[in-house]
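Have a look at the structure below, then the notes.
The values are calculated or read from the model by the stated rules, or taken from the named source; none is laboratory data. Since the structure is predicted, the reported quantities are computational estimates derived from the model, not experimental observations. No Cβ is skipped: glycine too gets one built from the backbone with ideal geometry, and neighbour counts run over all protein chains shown. Heads up: the accessible areas ignore ligands, DNA and RNA and are worked out on the full protein's heavy atoms, side chains in. Shrake-Rupley method; radii C 1.70, N 1.55, O 1.52, S 1.80 Å.
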Amino acid sequence: MSPQVQISQPPSRLQQFTDAAFRRLCVAFAWLSVALVAYIVLRIAVAAVPAIGQYGAGFLSGRTWDSNRAEYSILPEIWGTLYSSILALIFGTAFGLAAAIFLSEGFLASFLFGVLKIFGVQFHPVWGKLPDQAENLLRNLIELLAAIPSVVYGLWGLFVVIPLIRPFCHWLYLKLGGMPLFGTDLSGPGMLPAAIVLSIMILPTITAISRDALTAVPPKLRMAAYGLGATRWETIVAVIVPTAARGIFGGVVLAFGRALGETMALAMLVGNSNRISVSLFSPANTLAALLANNFPEAKPKDVAVLMYAALVLLAITLLVNIAGAFILQRASRGMEGGKA
């Protein structure tokens, strides 16, 4: 008889040492990330202390930013940050979820397969690969949108988006100018072009995460819906999307955080006007654009004020992420309770 081969064996001392060292290294880097975030927040807070003591809560409720008179407040910037981000999130979620469904369901591949079938080349060694290759190309193109610099988005918005939508915005102003949403004319940079460009910038985040969530839905749920007589679109709307809702919402929260901190594109497109308006065509300002426009020429006494504004922006971003995590946790508990 041949000698018995030992399949398993206890870890060697080197393997034990490597495993322990790797675990400690992972823990160290995790705590290092926490320490780095705490250090950044602490440094910003310390730099903002003089402005906090001088301006207090009035810094958050006033509407004047005049460095010549040393009067500072950021309520219009807070409004502009939230308003532009929410508008971009509405546009981006609609298009991003639609793109995710389009990619996860293979609609493009099915269409191209049908076209190839007409010509009888759907199983050709070369042409038969076209549907999958086209779908992969579309997915990569959407993800590549995240690699475009924000200043390029800003220039594209200035020279393409604004001239393209201005006639339509002017028509809306003439016909529906009595409504607050269209109460001003679009003369140049404004909230709507900024929101459109910002929605395109967050589109890859929503699309990629939503697509992963949709493809992770167990196929048995789809088959069960078909077995009950549901059509394909009824299955997508009533089964697939609700099941993947947690993952989709996570992508939306990440995109919202990305939108809140966007700087250069909004600095070029939002108009940098210190006003509060619900009009889609009115110029406005955001906290990130305020920091980008004022830091290069800031005097030493102005740095504390800008750090105060940066601290407010950081607080808004953290609150959004905490609220999103809380909602996801509640939803997860609700789903577990429903299964029980």
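Can you name the number of the only condition in (1) among the acidic types (Asp, Glu); (2) open to solvent by 80 Å² or more (accessible area, probe 1.4 Å); (3) in contact (Cβ under 8 Å) with a residue 40 or more places away in the chain that Glu105 fails?
Answer for Glu105: the failing condition is (2).
Of all residues being surrounded by 23 or more Cβ atoms within 10 Å (Cβ to Cβ) and in a loop (DSSP other than H, G, I, E, B) in the stretch 250-279, which is modelled with the lowest pLDDT? Just the residue, please.
Glu262
Of (1) in a helix (DSSP H, G or I); (2) among the charged types (D, E, K, R); (3) touching a residue at least 12 places away in the same chain (Cβ under 8 Å); (4) surrounded by fewer than 18 Cβ atoms within 10 Å (Cβ to Cβ), Arg211 satisfies all except one. Which?
(4)
So the check is Cβ under 8 Å with 6+ separation or different chains; which pairs have a first residue in the stretch 288-300 that's within 11 Å of Leu313 (Cβ to Cβ) and a second one that's among the acidic types (Asp, Glu) and in a helix (DSSP H, G or I)?
Listed by first residue and then by second, the contacts come to Ala289/Glu77; Leu290/Glu77.
Residue-wise test of (1) surrounded by 11 or more Cβ atoms within 10 Å (Cβ to Cβ); (2) not hydroxyl-bearing (Ser, Thr, Tyr).
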residue: Val115; (1), (2): yes, yes
residue: Phe119; (1), (2): no, yes
residue: Gly128; (1), (2): yes, yes
residue: Pro131; (1), (2): yes, yes
residue: Ala146; (1), (2): yes, yes
residue: Ser150; (1), (2): yes, no
residue: Leu158; (1), (2): yes, yes
residue: Pro167; (1), (2): no, yes
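How about the stretch 98-135: which of its residues are of a type in the set (D, E, K, R), closer than 26 Å to Val239 by Cα and part of a helix (DSSP H, G or I)? Spell out how you get there, then give the answer.
Residues of the stretch 98-135 of a type in the set (D, E, K, R): 105, 117, 129, 132, 135.
Keeping just the survivors that are closer than 26 Å to Val239 by Cα gives 105, 132, 135.
Asp132, Glu135, listed by residue number.
Test Leu174 against the stated conditions and say whether it is under 30 Å from Ala208 (Cβ atoms), open to solvent by 90 Å² or more (accessible area, probe 1.4 Å) and without any contact (Cβ under 8 Å) to a residue 24 or more places away in the chain. Steps first, please.
Numbers: under 30 Å from Ala208 (Cβ atoms): no; open to solvent by 90 Å² or more (accessible area, probe 1.4 Å): yes; without any contact (Cβ under 8 Å) to a residue 24 or more places away in the chain: yes.
No; evaluated as a whole, the condition is false for this residue.
Got at least one residue in the stretch 241-249 being assigned to a helix (DSSP H, G or I), open to solvent by 30 Å² or more (accessible area, probe 1.4 Å) and polar (S, T, N, Q)?
yes
Can you find a residue in the stretch 41-49 that is farther than 19 Å from Leu314 by Cα, loosely packed, with under 14 Cβ neighbours inside 10 Å and either modelled with pLDDT under 90 or charged (D, E, K, R) (or both)?
The first filter runs over the stretch 41-49 and keeps only residues farther than 19 Å from Leu314 by Cα, leaving none.
No, the stretch 41-49 contains no residue that is farther than 19 Å from Leu314 by Cα, loosely packed, with under 14 Cβ neighbours inside 10 Å and either modelled with pLDDT under 90 or charged (D, E, K, R) (or both).
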